[in-house]
């Protein structure tokens, strides 16, 4: 652990947490609902995912057993609000098939595996990339792996802590090598980054009153610009 990097990361977390408070993320009633949400949220916003999950709940299909038996066309219709519904339906089916082939349908059995090995395994399942795999492990499996997303890349590039071209694993390593392996910390840190990205660190940022403005190298922040209207 690099103490300078730890101090910077810890300071950023405290500033963001003070600004946005605890996020209680991921919003779900069961670990399987987290898994479904992690796939449905690919390339869409959470409001659309909530509609799709509500449809699955109403249809009684939000369990591994029920989703496994659900015809693909019916599944696609239920998750239509999340967009790319045919692709996401196939991805959900792939995850559930893997769960039954390897673990007899038990998430508990799957998450009982050493998480680093399970991460590599999940990356081999169709439609599960690094961000989704880490979301499954952290939020459903309660394993200490950090989730990196577009908000994280944008923020840390603007702060000058990582180049804009940095890949997923390099940015993930910044957190995991310089913070304690702490599930609640990783959970809350990722959640406040997401909130900050939605509210302020947008493609066109809203820099006025930003809790990180004095640390940011983005021109608008450096020039002390006030709030700006922007689209996400």
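Values quoted throughout were computed directly from the atomic coordinates according to the rules given, and no laboratory measurement underlies them. Quantities reported herein were computed from a predicted structural model and do not represent experimental measurements.
Shown here are the Rg and Dmax of the Cα trace of segment 31-140, at 12.8, 36 Å.
Between residue 87 and residue 108, what is 0.36 nm times their sequence separation minus the Cα-Cα distance? Round to one decimal in nm.
Numbers: separation 21, 0.36 × 21 = 7.56 nm, distance 2.63 nm.
Full-extension gain reported as 4.9 nm.
Against the chain, whose longest principal axis is taken from its Cα atoms, helix 31-40 shows a tilt of about 70°.
Each part reduced to its alpha carbon centroid, segment 7-70 and segment 72-140 end up 13 Å apart. Seen against the Cα atoms of the chain and their longest principal axis, helix 183-199 is set at about 70 degrees. With volume of the Cα convex hull per residue in Å³ defined as stated, name the option among [x] 155; [y] 121; [z] 141 computed from the structure displayed. Correct label is [y].
How much length, in nm to one decimal, is gained on full extension between residue 10 and residue 72, taken as 0.36 nm per residue of separation minus their Cα-Cα distance?
Working: separation 62, 0.36 × 62 = 22.32 nm, distance 4.50 nm.
Fully extending the segment from residue 10 to residue 72 adds 17.8 nm.
Estimated at 0.36 nm per residue, the fully extended path between residue 30 and residue 1 surpasses their Cα-Cα distance by 7.0 nm.
Relative to the dominant Cα principal axis of the chain, helix 3-20 is inclined by about 80°.
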